[in-house]
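Chemist: I have a structure here, written as structure tokens, and I will follow up with some questions on it.
Where a number appears in this text, it was derived from the coordinates with a stated rule and is not lab data. Note that the coordinates shown come from a computational prediction; the quantities given were computed from them, not determined experimentally. Methodologically, a virtual Cβ is constructed for each residue, glycine included, from the backbone with ideal geometry; neighbour enumeration extends over all protein chains shown.
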Ligand SMILES: [Zn+2]
């Protein structure tokens, strides 16, 4: 299925940077998952309480309500209504001045199945 495109699981850009770009406050609880209010277009209604969370260490997110999940690129793609992660990558490069090439030193992509340890 389309959602399995592993290109979307690159660790770059960090999901925390992406959320900051969209002005989304995240509450660091000290746990592995950092909760935030899901702003995605597919999300039903407005979050009264954080229904999504992200993993800063692996740079991916998961929304418990609308079911969207993925990396920073996935988040950008959904927010901007882009067709794929490459378009999201181009978008991020244009707004941040960063490109994935050269920024991934020391950063490892999430595993092929980054949700294996979910829950
Ligand atoms: Zn959501």
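Chemist: Stokes-Einstein diffusion coefficient for region 16-96 at 25 °C in a medium of 0.890 mPa s, Rh from the Kirkwood formula over Cα pairs: what value in µm²/s?
Modeler: Stokes-Einstein gives a translational diffusion coefficient of 192 µm²/s.
Chemist: Going by C-beta contacts inside 10 Å, put 54, 22, 91, 60 in order with the fewest on the left.
Modeler: Starting with the residue having the fewest Cβ neighbours, the order is 22, 91, 60, 54.
Chemist: Between residue 33 and residue 91, take the C-beta separation as r, use R0 = 35 Å, and let me know the FRET efficiency to the nearest 0.05.
Modeler: Calculated transfer efficiency: 0.85.
Chemist: If the chain between residue 21 and residue 100 were fully stretched, how many nm would it gain, using 0.36 nm times the residue separation less the Cα-Cα distance?
Modeler: 26.8 nm
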